[in-house]
Amino acid sequence: MNCMLIMVIIAEQEQIAQSKQKGELLTWDDLAKMKYSWRVAQETLRMVSPIFGGFRKAVKDIEYDGYLIPKGWQIFWVTNMTHMDSSIFPESSKFDPARFNNQASIPPYCFIPFGGGPRICPGYEFARIETLITIHHLVTQFTWKLLADNFFKRDPMPVPTEGLPIQIMPKTNITS
């Protein structure tokens, strides 16, 4: 993630923190103001999805790309195949939170880190709230730096090759 993205997240979170009294909790309105932070989280979930995929059963014969999938067969869908499809997400290997500025432009069932439709994770909104609150506290109360040149391997999910050694230090003059 480049420094400009981090600076925008910090500015968004600091603005919210400055509107709070010391020790005052975040509100629903505060979470609604975290638009850019959530776009960054969505782009992170698109590039490194928390789920690998899942099985579905064909309920009828389906022809797909010239192949017949008979009724009753198990189909395995892979999240990353959709999330990294450049016909859905142009320049799919580029980290670009702006692609989530207009959610309506993303076709249904194409951004699926929590599944979709009637099988969407029931904890999706809770995960969103947890993510935003965590970002807020990490950004407003701590500074950190990565202690290693970290690269990822897929096993089958992305895993840091050296773990994730970071140094976390409390900020002084915490406002929230």
Just checking, how many residues over region 40-60 are polar (S, T, N, Q) and either touching a Phe, Trp or Tyr at 6+ places or on another chain (Cβ under 6 Å) or at pLDDT 95 or above (or both)? 1
On the basis of being assigned to a loop (DSSP other than H, G, I, E, B) and surrounded by 18 or more Cβ atoms within 10 Å (Cβ to Cβ), does Ser49 make the cut? yes
Being surrounded by 12 or more Cβ atoms within 10 Å (Cβ to Cβ) and in contact with a Phe, Trp or Tyr (Cβ under 8 Å, 6 or more places away or on another chain) narrows it down to one residue among Ile168, Ile133, Ile106, Ile112; which is it? Ile106
Every listed condition ((1) exposed (fewer than 14 other Cβ atoms within 10 Å of the Cβ); (2) within 29 Å of the chain's Cα centre (by Cα); (3) not acidic (Asp, Glu); (4) not in a loop (DSSP other than H, G, I, E, B)) holds for Pro90 save (4)
Which one is farthest from Gln103 (Cα to Cα), of the residues in region 1-42 that are hydroxyl-bearing (Ser, Thr, Tyr) and assigned to a loop (DSSP other than H, G, I, E, B)? Ser19
What about Trp38, is it of a type in the set (Phe, Trp, Tyr) and over 30 Å from Thr172 (Cβ atoms)? no
Criterion (exposed (fewer than 13 other Cβ atoms within 10 Å of the Cβ), closer than 30 Å to Gln15 by Cα and more than 20 Å from the chain's Cα centre (by Cα)) met by exactly one of Asp61, Asp29, Asp65: Asp29
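The values are calculated or read from the model by the stated rules, or taken from the named source; none is laboratory data. None of the values given here were measured: they were computed from a predicted structure. A quick note on method: Cβ atoms are made from the backbone with ideal geometry, for glycine too, and the neighbour counts reach across all protein chains shown.
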